[in-house]
2 protein chains.
Amino acid sequence: MDDRKRKVLLAIVHDYIATAEPVGSRTIAKKYRLGVSPATIRNEMADLEEQGYIEQPHTSAGRVPSERGYRYYVDYLMEKEQLSREEEEIIRRGYETKVKDVGQVIHKTGQLLSQLTHCTAMVLTPQIGTSCFRHIQLVPMHSSQAMVIVVMDNGIVHHRMIETPDSISSTDMETLSKVLNAKLQGLTMESIKLTLMKEIYLELGRYKHILDLAMELMQDSLVLKTEDKIYLGGVFNMLSQPEFHNVEKVKTMLSIMEQEKMLHELLACESQDDGVTVRIGGEIKYNVIRDYSMVAAPYSVSGQKIGSIGVLGPTRMEYAKVISIVDFMTANLSQVLERLILGGGK
Amino acid sequence: MDDRKRKVLLAIVHDYIATAEPVGSRTIAKKYRLGVSPATIRNEMADLEEQGYIEQPHTSAGRVPSERGYRYYVDYLMEKEQLSREEEEIIRRGYETKVKDVGQVIHKTGQLLSQLTHCTAMVLTPQIGTSCFRHIQLVPMHSSQAMVIVVMDNGIVHHRMIETPDSISSTDMETLSKVLNAKLQGLTMESIKLTLMKEIYLELGRYKHILDLAMELMQDSLVLKTEDKIYLGGVFNMLSQPEFHNVEKVKTMLSIMEQEKMLHELLACESQDDGVTVRIGGEIKYNVIRDYSMVAAPYSVSGQKIGSIGVLGPTRMEYAKVISIVDFMTANLSQVLERLILGGGK
DNA sequence: TTTAGCACTCAGCAGCATAGAGTGCTAACA
DNA sequence: TGTTAGCACTCTATGCTGCTGAGTGCTAAA
């Protein structure tokens, strides 16, 4: 792959990304000023096609980058693109208001991501793994109902209504809360389950029913807070791209969007890697989305990866820009979440 | 409008709903056996057209119901349709699992609604208005941070991280919680704000900073829990309907879906009325969605309307069925929520 | 009042010719 | 040996034509 071939490939990728039309030799010669005639470029293109970097939709059309071509572009040709001031400004402003809870942050992140990339944004909600128990509170509500509230070290709060036997008074509940707090504070769920429970049950055996329910909630706080939702945004945004002129494509795309489970696996697996990952076409495991590309990256709080954000779009996407944006957004999101989860913000 | 005209109109509406094709006189004569010849039906159709109940897409096409026609159908001709056993079964099963928190219920409701109606489902999250303060808890977290948790009478729980001055100890927080609980329990937010705050500030003046933050959260618990989100489901579902063969329509529909604000107003205004409301085409205030119809109804908990669910679809929708489904679903949702919010369920 | 018959309209489709974009190949040129 | 001009070739897209069939409205007879 000599230098001129690289230049031709770069030109093809750039032009195709910009116009969504197959690129002909004349166009390259004129627009990209390689200093050679269309005929020469045609020769180069024939070679590139033989090597699998570009393809022809039909005989009398220009060339289009193949998946391999995009891959080569992303790995070797692409120049990193800085975010424009304007873009950075949009992001900063986006987080200025409305950052009162994690859900809102996730939502906003998705919005910004799709707005800036013109693709569909996917944001995995933070999944906070091991954490310590901090506080439990039983609050009497109605006659025979109470609310259990469990606070974890990482700021996660869970609550649930439970039925209480009539025999229990509100002072009982207060005592119960106190004992549980004293015994359990600072422990992880695992250790609570394994060791201490027997002791507690022995001591507070007569409240067994409530204890059971409270424990269940505590467990859920840990396990279920893998309440792994995905925020999806800007599907419409993407549909204005020319690849979706065809109704069938729109429909497959939308049906993909409704398969949350798949999207989830898609994003979750990305979060294994560090930094921004780019998957192009067939590199995505799922057959349904083989025609699209995905750019994703994990975000983290206090050094621990707790989720990821990603962008799904046509293989013909502005990789350079999208990658920078995803990169910038993860950093930003990490910061915002850090402030929010670990406190410090208003 | 004589009896035969009504029958013809009914036939046209039914057939058009079923096939999405303009209905001709021959079709009606053959399929709907009115006992008269196509020519007679043609005469009736000419009258119906003159009266504005049906329209002709072009000269050599059959007739299509106009908005007025649909309206007449919904008001006078339509027969209520019972849900099939199968459908009831689907709904019941849908709620069997996964009913642990309000969000999930809303989500599931949207899913079911769209699945059964083949339209886009919209579910407004419960907006619980006046409620009493039940419990406040300050939980120390890290060195200079604490979590405020506010529990309302109706089972709503809010929490937020706040900064605490270093001078405050965890026992201080305990005391603070206790005093606040004692003073405020059972009051509505309004009365708290108006009368009691001065007294409390006097007593606990040195914690002013924390009190401010706590009060802010309490206020939000009331006001902000108009966290009026809309759950949207089954957009894809609807796009498989023939009206969306045209890409432009798909796009407008999707752009509508992304205008949360509008959808929200749309649903919110419905919840004024009792029972199921049907808006057809231009009866919807917003110009963008003039080509669609909407069936909506409020749901309630302990007699109070706290939200609504709705269905948005092409004017050519199965009104009879959709109306029954929306009706059934609101009743069901009310029940499920009642159990969840007021406690009782596991 | 109903109906049969008939002329008329019009969307949709197939068939065909044309234009234009782009290629590959060949032969000439540096 | 690499580059380029020229040319024949291919194939899509577009627009035109004429035909078909569905469906109507009108008229006149039952």
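The values are calculated or read from the model by the stated rules, or taken from the named source; none is laboratory data. Model, not experiment: these values are computed from the prediction. Glycine also receives a Cβ, built like all others from the backbone with ideal geometry; neighbour counts cover every protein chain displayed. The area values use the complete protein model at the heavy-atom level, side chains included, leaving out ligands, DNA and RNA. Shrake-Rupley method; radii C 1.70, N 1.55, O 1.52, S 1.80 Å.
The residues of the range B:130-159 that are at the interface with another protein chain (Cβ under 7 Å from one of its Cβ atoms) and either over 30 Å from B:GLU338 (Cα atoms) or open to solvent by 30 Å² or more (accessible area, probe 1.4 Å) (or both), listed by number, are B:ARG134, B:MET141, B:HIS142, B:GLN145, B:HIS159. Residues of the range A:3-13 being open to solvent by 60 Å² or more (accessible area, probe 1.4 Å) and touching a residue at least 60 places away in the same chain (Cβ under 8 Å), which ones? Scanning the range A:3-13 gives a single hit, A:ARG6.
Among the residues of the range B:75-97, not a single one is open to solvent by 70 Å² or more (accessible area, probe 1.4 Å), on the phi > 0 side of the Ramachandran plot and either of a type outside the set (A, V, I, L, M, F, W, C) or assigned to a helix (DSSP H, G or I) (or both).
Residue count for the range A:126-163 under the criterion of being under 23 Å from B:MET147 (Cβ atoms) and either free of Cβ contacts under 8 Å to residues at least 40 places away in the same chain or acidic (Asp, Glu) (or both): the result is 9.
Are any residues in the range A:56-73 away from DNA strand D (no atom under 14 Å from the Cβ) and without any contact (Cβ under 8 Å) to a residue 24 or more places away in the chain, and if so, which ones? Listed by number, the residues that qualify are A:SER66, A:ARG68. Among residues of the range B:36-56 being farther than 13 Å from B:LYS5 by Cβ and either part of a helix (DSSP H, G or I) or near DNA strand C (Cβ under 7 Å from one of its atoms) (or both), the one that is nearest to the chain's Cα centre (by Cα) is B:PRO38.
Considering only residues that are part of a helix (DSSP H, G or I), surrounded by fewer than 15 Cβ atoms within 10 Å (Cβ to Cβ) and either in the same structural domain as A:TYR319 (by TED's automatic domain parsing) or within 13 Å of DNA strand D (Cβ to nearest atom) (or both), which ones fall in the range A:19-35? Break it down stepwise before answering.
The first filter runs over the range A:19-35 and keeps only residues part of a helix (DSSP H, G or I), leaving A:19, A:25-32.
Filter once more, so that each one left must be surrounded by fewer than 15 Cβ atoms within 10 Å (Cβ to Cβ): A:19, A:26, A:30-31.
Across the range A:19-35, the qualifying residues are A:ARG26, A:LYS30.
If the condition is being among the hydrophobic types (A, V, I, L, M, F, W, C) and open to solvent by less than 30 Å² (accessible area, probe 1.4 Å), then the range B:100-111 contributes B:VAL105, B:ILE106.
Taken together, the residues in the range B:57-74 that are within 16 Å of DNA strand C (Cβ to nearest atom) and either part of a loop (DSSP other than H, G, I, E, B) or open to solvent by 80 Å² or more (accessible area, probe 1.4 Å) (or both) amount to 6. Whenever a residue of the range B:109-125 is under 14 Å from B:LEU266 (Cα atoms) and assigned to a loop (DSSP other than H, G, I, E, B), its partners that are among the small types (Gly, Ala, Ser) and open to solvent by less than 10 Å² (accessible area, probe 1.4 Å), lying with C-beta atoms within less than 8 angstrom and at least six residues away or across chains, give the pairs B:THR125/B:GLY307. Among the residues of the range B:85-104, not one is acidic (Asp, Glu), under 18 Å from B:GLY310 (Cα atoms) and within 14 Å of chain A (Cβ to nearest Cβ).
Yes/no matrix, rows are residues, columns are (1) open to solvent by less than 20 Å² (accessible area, probe 1.4 Å); (2) assigned to a strand (DSSP E or B); (3) within 14 Å of chain B (Cβ to nearest Cβ):
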position: A:ALA297; (1), (2), (3): yes, yes, no
position: A:ILE306; (1), (2), (3): yes, yes, no
position: A:LEU312; (1), (2), (3): yes, yes, no
position: A:ARG316; (1), (2), (3): yes, no, no
position: A:VAL326; (1), (2), (3): yes, no, no
position: A:THR330; (1), (2), (3): yes, no, no
position: A:VAL336; (1), (2), (3): yes, no, yes
position: A:LEU340; (1), (2), (3): no, no, yes
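Scanning the range A:291-307 for residues that are charged (D, E, K, R) and modelled with pLDDT under 85 yields a single hit, A:ASP291. Any chance you could count how many residues in the range B:217-247 are assigned to a helix (DSSP H, G or I), modelled with pLDDT under 70 and within 11 Å of chain A (Cβ to nearest Cβ)? Counting residues in the range B:217-247 that are assigned to a helix (DSSP H, G or I), modelled with pLDDT under 70 and within 11 Å of chain A (Cβ to nearest Cβ) gives 2. Can you spot a residue in the range B:37-47 that is more than 25 Å from B:ALA331 (Cβ to Cβ), open to solvent by 20 Å² or more (accessible area, probe 1.4 Å), within 10 Å of DNA strand D (Cβ to nearest atom) and charged (D, E, K, R)? Checked against the condition, which is being more than 25 Å from B:ALA331 (Cβ to Cβ), open to solvent by 20 Å² or more (accessible area, probe 1.4 Å), within 10 Å of DNA strand D (Cβ to nearest atom) and charged (D, E, K, R), the range B:37-47 yields at least one hit. Considering the range A:279-291, the residues that are part of a helix (DSSP H, G or I) and open to solvent by 10 Å² or more (accessible area, probe 1.4 Å) include one that is nearest to the other protein chains (Cβ to nearest Cβ), namely A:VAL288.
Might you check whether a residue that is open to solvent by 50 Å² or more (accessible area, probe 1.4 Å), within 16 Å of A:MET317 (Cβ to Cβ) and in contact with an Asp or Glu (Cβ under 8 Å, 6 or more places away or on another chain) occurs anywhere in the range A:258-278? Looking through the range A:258-278, none of the residues is open to solvent by 50 Å² or more (accessible area, probe 1.4 Å), within 16 Å of A:MET317 (Cβ to Cβ) and in contact with an Asp or Glu (Cβ under 8 Å, 6 or more places away or on another chain). With respect to being open to solvent by less than 40 Å² (accessible area, probe 1.4 Å), more than 14 Å from every other protein chain (Cβ to nearest Cβ), more than 9 Å from DNA strand D (Cβ to nearest atom) and among the aromatic types (Phe, Trp, Tyr), B:TYR16 fits the description.
Checking each residue in the range B:105-129 for being within 14 Å of chain A (Cβ to nearest Cβ) and in contact with a Leu (Cβ under 8 Å, 6 or more places away or on another chain) picks out B:VAL105, B:GLY110, B:THR120, B:ALA121. Scanning the range A:132-160 for residues that are farther than 15 Å from B:HIS159 by Cβ and assigned to a loop (DSSP other than H, G, I, E, B) yields A:MET141, A:HIS142, A:SER143, A:SER144.
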